[in-house]
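Step one of this worksheet: look at the structure below.
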Amino acid sequence: MSESGSMYWWKEDSEPAPGFGDLMQRSKVPLTLADVRLPDAPLIGVNEAFCQVTQYAPELCLGRNCRFLQPPGGAGPVRQRMRDFIANDRIEDGKFLVPNVRADGSPFLNLVYMTKLQYRNEIAYIFGSQFEIRRHGEEALQIYETALKQDIRQLGSIAGEMGIVMLGTYEQLASSHSIIAKLRMSGLKGD
Ligand SMILES: Cc1cc2nc3c(=O)[nH]c(=O)nc-3n(C[C@H](O)[C@H](O)[C@H](O)COP(=O)(O)O)c2cc1C
């Protein structure tokens with residue numbers, strides 16, 4: 001594992017583009033990066049905010065597929081939707097509400113945003129961000145989305161300098177309020 005500030009990389013040369021890590025490190029929102037060219041799409045980078053939300057030490061996350069956050073009994077149908085999203089190169093970004101479990105065993109509802117990164121004409125990476133949904137969190141969500149949008153824009157331009165294209169249109173980002181409104185009506189359980 002290699003560490004720079006509060007950004008953690010799986011291997012020293014995992015960082016896809018110089019400067020990418022600096023920005024992930026500075027970000028206040030939980031961020032993850034997976035390399036989908038490697039078997040089982042392991043996490044190659046996580047930031048401090050991700051480790052704080054999940055309470056997992058970085059060395060327990062890196063090199064593993066992020067499904068380790070899902071409960072032993074399964075995450076429900078959303079898992080298949082995430083798998084379909086990853087398998088379909090034509091879908092650029094997506095947002096998923098997933099029941100997850102922290103390292104201490106406490107459950108939380110995770111709003112996972114993913115967007116794909118293309119390098120040399122193939123989808124090489126998936127960039128992810130996680131937001132813990134709480135009962136009274138409208139304002140927190142607003143702050144999170146603004147920060148995430150800004151960080152994604154900047155990451156996109158840094159990646160672009162290295163020939164990595166950040167796909168996704170941010171439209172998905174705007175849909176959180178309706179996702180949460182629906183969830184409230186169904187009793188904050190996710191699926
Ligand atoms: C960058 C990235 C971040 C992810 N973050 C989460 C997460 O926070 N929680 C979660 O349950 N799944 C997360 N996933 C999804 C799982 O890793 C996995 O893709 C999903 O469970 C569907 O695949 P499977 O059926 O092979 O498990 C993430 C995936 C990627 C690529």
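No value in this document is a laboratory result; all are computed from the given coordinates. Source: prediction; values computed, not measured. Positions of Cβ are generated from backbone atoms using ideal geometry, with glycine treated the same way; all protein chains shown enter the neighbour counts.
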query = Where in the stretch 1-79 are there strands (runs of 3 or more DSSP E), lying wholly inside it, with at least 1 residues that are of a type in the set (Ser, Thr, Tyr) and free of Cβ contacts under 8 Å to residues at least 40 places away in the same chain?
reply = 2-4
query = Out of the residues in the stretch 80-98 that are within 8 Å of the ligand (Cβ to nearest atom) and assigned to a strand (DSSP E or B), which is surrounded by the most Cβ atoms within 10 Å (Cβ to Cβ)?
reply = Val98
request  = Output the residue which, of all residues in the stretch 1-51 that are hydroxyl-bearing (Ser, Thr, Tyr) and over 12 Å from the mean Cα position of the chain (by Cα), is farthest from Cys66 (Cα to Cα).
outcome  = Ser4
task = Could you check how many residues of the stretch 23-79 are of a type in the set (Val, Ile, Thr) and more than 10 Å from the ligand (Cβ to nearest atom)?
result = 1
